[in-house]
Protein chains: 2
Amino acid sequence: MPLAHDPRENHLLAALPSEDYERIFANLERIPLPLGESLYESGIQMSYVYFPINSIVSLLYVMEDGSSAEIAVVGNEGIVGVSLFMGGESTPSRAVVQSAGHAYRLRGPLLKHEFYRAGPMQRLLLRYTQALLTQMAQTAVCNRHHTLDQQFCRWLLLSFDRLNSDELVMTQELIAGMLGVRREGVTEAAGNVQKAGLIKYSRGHITILDRAGLEKRACECYAVVKKEFDRLLPD
Amino acid sequence: MPLAHDPRENHLLAALPSEDYERIFANLERIPLPLGESLYESGIQMSYVYFPINSIVSLLYVMEDGSSAEIAVVGNEGIVGVSLFMGGESTPSRAVVQSAGHAYRLRGPLLKHEFYRAGPMQRLLLRYTQALLTQMAQTAVCNRHHTLDQQFCRWLLLSFDRLNSDELVMTQELIAGMLGVRREGVTEAAGNVQKAGLIKYSRGHITILDRAGLEKRACECYAVVKKEFDRLLPD
DNA sequence: CAGCCTCTGTACGATACCGCACACAATCCA
DNA sequence: TGGATTGTGTGCGGTATCGTACAGAGGCTG
């Protein structure tokens, strides 16, 4: 019975030299990530890191009053749980599955051991963390200066980049939680973008119709982040 | 002629075991950081990292249309130029001196060499980078959800924490650039906070009068960041 | 097929911030 | 001392988003 997925569908794992990959291979555990599942909670020590394959995970901060905002998004280009190897073991944010799928997970101590070999894995993880820094920084700037329409397009593009599909399953309510705005605001933005013929939206199913058009409608933030990921990460 | 400052006024350098500190001591170069000086530019390879002593450096992103926003702020608790050891060698942001003073700088290759010893320096720098991640994440959230009044208080507190003084030299124009808002908006926020008796503002000189009051008026973001810095970093 | 629940669309006043214009006040300097 | 420069305060219409309320539409289930 062949696996439906291979760990090397995650770009970080794929970039490891086979010697390093084989050392951890046996400890990679394939698990499903159902929509809405939380991979870690604010301030709680993490036990695993996750390498998404065909799923998307949102890092988001939930405020005292319940409102929330996405800080960054992780797909098969990255890893969830950087604070394990960065040394803090926890962060003040949550990691929530935004698009269901699968991931490979690895026990924290094993990853740290691998990290402290100071080999290719360490270099990869650090470069990825820098890309994550850029994404967070750009999120901050975008939240400050750009319209909801632009941010919606940026968000769509970031999500579709991390999926191998042209359809995304996601209600406007959930998107609103990610963007930190009202659900009605998303209705309006989505309506605008749909009228422009760039996407098709239907009860939680978003299909991308015109990628170039979306990129044009999004703010510069998307391009900046994408360029930086391409520069810093293999492939 | 004694030095006016000691490198160990920077908390990261102070936290190094003397064996490690002495290895780099001779290569630390004390330099003045005049107001407005840029320590690195977007996309340009960095040659140095900087350990501020009594100065404050803002990491900020400048957009295509010229508007800007602060991403994070670095004082004597940290280091400017994390992308040097993270592997990217550059970032899409700028580092600008927000409050004049001094710093010690170290050539990039020397820092990287030290980093790859995988000793205390590496651990410190990684933990600091995680703290920086938290600050950026919180900036993003804050930009999304909080009022200018709250953000202004948060910003003041972050700045005063990085100074050993109760007076900050900074025009409303400059603050507006950091917060990514209009100068008039800062006038109003500053006026409100001054009316409340928390600060005294006079032509570019801000004096803090009631720190507890400021903390109360600021959003939760300040406390979250401060707590995380205290948790992750020595002292 | 009827009924229910989820998801989406629309409307409307409130509000925070913007962009612009301009007056005034403090400081510097010829 | 008088004029220029820099920094601050204020007013006003415009706009994006909010909070709330509610109506319709698609899809599931009994």
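How many residues, within segment B:194-210, are within 11 Å of DNA strand C (Cβ to nearest atom), over 22 Å from the mean Cα position of the chain (by Cα) and at positive phi?
First, pick out the residues of segment B:194-210 that are within 11 Å of DNA strand C (Cβ to nearest atom): B:202-205.
From what is left, the residues that are over 22 Å from the mean Cα position of the chain (by Cα) are B:202-203.
With at positive phi added as a condition, the list becomes B:203.
Total meeting the criteria: 1.
Out of the residues in segment B:34-67 that are without any contact (Cβ under 8 Å) to a residue 40 or more places away in the chain and either surrounded by fewer than 18 Cβ atoms within 10 Å (Cβ to Cβ) or assigned to a loop (DSSP other than H, G, I, E, B) (or both), which is farthest from the other protein chains (Cβ to nearest Cβ)?
Per the stated criteria, the residue is B:66.
Among the residues that make up segment B:176-193, is at least one of them more than 13 Å from DNA strand D (Cβ to nearest atom), under 19 Å from the mean Cα position of the chain (by Cα) and surrounded by fewer than 20 Cβ atoms within 10 Å (Cβ to Cβ)?
Looking through segment B:176-193, none of the residues is more than 13 Å from DNA strand D (Cβ to nearest atom), under 19 Å from the mean Cα position of the chain (by Cα) and surrounded by fewer than 20 Cβ atoms within 10 Å (Cβ to Cβ).
So residue B:203 passes all but one of these: (1) more than 9 Å from DNA strand D (Cβ to nearest atom); (2) at pLDDT below 95; (3) among the charged types (D, E, K, R). Which condition number does it fail?
Here residue B:203 clears every test but (1).
Starting from segment A:111-125, take each residue that is surrounded by 15 or more Cβ atoms within 10 Å (Cβ to Cβ) and list its partners that are basic (Lys, Arg), counting only C-beta distances under 8 angstrom and pairs at least six apart or across chains.
A:114/A:23
What residue, of A:162, A:144, is touching a strand residue (DSSP E or B) at 6+ places or on another chain (Cβ under 7 Å), basic (Lys, Arg) and away from DNA strand C (no atom under 13 Å from the Cβ)?
Of A:162, A:144, the one residue that is touching a strand residue (DSSP E or B) at 6+ places or on another chain (Cβ under 7 Å), basic (Lys, Arg) and away from DNA strand C (no atom under 13 Å from the Cβ) is A:162.
What's the total number of residues in segment A:78-91 that are assigned to a loop (DSSP other than H, G, I, E, B), crowded, with 20+ Cβ neighbours inside 10 Å and at negative phi?
4
The values are calculated or read from the model by the stated rules, or taken from the named source; none is laboratory data. Predicted, not measured: the structure shown is a model, and the values here were computed from it. Ideal geometry is used to build each Cβ from the backbone, glycine not excepted, and the neighbour counts take in all protein chains shown.
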